[in-house]
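To keep things clear, I will list the structure first and then write my remarks on it.
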Amino acid sequence: MGTGLYPKLTELLSAAGCFLDRQGKGKGKGKGKGKGSHEIWYSPVTQKKFSVPFTIVSKHTANGILKQAGMEKAF
């Protein structure tokens, strides 16, 4: 699942102790139905939840997600 930088990003997040909290909600009518286009992860470092989209092609976006998780840039 995912394209671009998603696989490497989630590997780094998992290695740092972050984990998938839940699947993002779907769009449009009947919100909450369907997979959605992102996941919600939790960081034990920052004790906050953050969104990880399945399609990440920008290194800037990937590094921004790592920052939200309390991690250093890796891309």
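Every read-out reported here was derived from the displayed coordinates using simple, explicitly stated rules and does not represent laboratory data. Predicted model, so just to flag it, every value in this text is computed and none were measured. All Cβ positions, even for glycine, are placed from backbone atoms using ideal geometry, and neighbour counts span all protein chains on display.
Computed from phi, the 3J(HN,Hα) profile of the range 66-72 under the Karplus parametrisation 6.51, -1.76, 1.60 (θ = phi - 60°) reads 4, 4, 4, 7, x, 10, 7 Hz, with x in place of Gly and Pro.
When Lys and Arg each count +1 and Asp and Glu each count -1, what net charge do the other residues less than 14 Å away from S58, Cβ to Cβ, add up to?
Numbers: positive: K8, K59, K67, K73; negative: none.
It works out to a net charge of +4.
Spin-label model, E11 to K25: label points 7 Å out along the Cα-to-beta-carbon direction sit 3.4 nm apart. For E39, the amide hydrogen comes within under 5 Å of the amide hydrogens of G24, V52, F54, counting only partners 5 or more places away or on other chains and with H modelled in the peptide plane.
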